[in-house]
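Notes to accompany the following structure.
The values are calculated or read from the model by the stated rules, or taken from the named source; none is laboratory data. All values derive from a computational prediction rather than experimental measurement. Using ideal geometry, Cβ is built from the backbone for each residue, glycine included, and neighbour counts are taken over all protein chains shown. Note: accessible area is taken over every heavy atom of the protein model, side chains too, but ligands, DNA and RNA are not part of it. Shrake-Rupley method; radii C 1.70, N 1.55, O 1.52, S 1.80 Å.
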Amino acid sequence: MDQRIAGFSRPDPVTIMVRGRPFVAHPGESLAAALIAAGLWRFGEGEDPARPRAPVCMMGVCQQCLLRVDGRLVQACLTPVVAGQVVTPA
Ligand code: FES
């Protein structure tokens, strides 16, 4: 279920690959926001499996949103969605 705020116009959606599966998002929105809007909160595993990593600050401070995009380690909250991105866990 899409959890984006309704009533805003957005660019036409594009497809990116997230953990090997096609995923629809809007170009320019942050990658973290796009994943969260789709209900994907688990961004990675922590030392304790009961406490997975998930975005906390959404402004580049906490580092809990680290992912690999096209093989490069990025902060998902500061990385805009671009068509064709390949997203994998950090
Ligand atoms: S959510 Fe904190 S650095 Fe991205």
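Considering only Pro80, Pro49, Pro11, the Gaussian network model of the chain with Cα springs below 10 Å gives its largest mean-square fluctuation to Pro49. Accessible surface of Asp12, taken over heavy atoms with a 1.4 Å probe and every protein chain present, rounds to 130 Å². Computed over protein heavy atoms with a 1.4 Å probe, the accessible surface of the chain works out to 62 Å² per residue. Translational diffusion of the chain was estimated from the Stokes-Einstein equation, with Rh taken as the Kirkwood radius over Cα pairs; at 10 °C and 1.306 mPa s the coefficient is 120 µm²/s.
Of the listed residues Ile5, Ile36, Ile16, the order by accessible area with a 1.4 Å probe, largest first, is Ile5, Ile36, Ile16.
Measuring with a 1.4 angstrom probe and ignoring ligands and nucleic acids, Arg10 comes out at about 90 Å² accessible.
Could you identify which residue out of Ala38, Ala25, Ala76 has the top mean-square fluctuation in a GNM of the chain using Cα springs shorter than 10 Å? Judging by the Gaussian network model, the answer is Ala38. Largest mean-square fluctuation among Arg53, Arg68, Arg21, in a Gaussian network model of the chain whose springs join Cα atoms under 10 Å apart, belongs to Arg21. Once you charge only the Cβ atoms, +1 for Lys and Arg and -1 for Asp and Glu, what is the size of the charge dipole of the chain about its Cα centre, to the nearest 20 debye? It works out to roughly 60 debye.
Largest first, the residues Val69, Val61 sort by 1.4 Å accessible area into Val61, Val69. Largest accessible area first, the residues Phe8, Phe43 order themselves as Phe8, Phe43 under a 1.4 Å probe with ligands, DNA and RNA left out.
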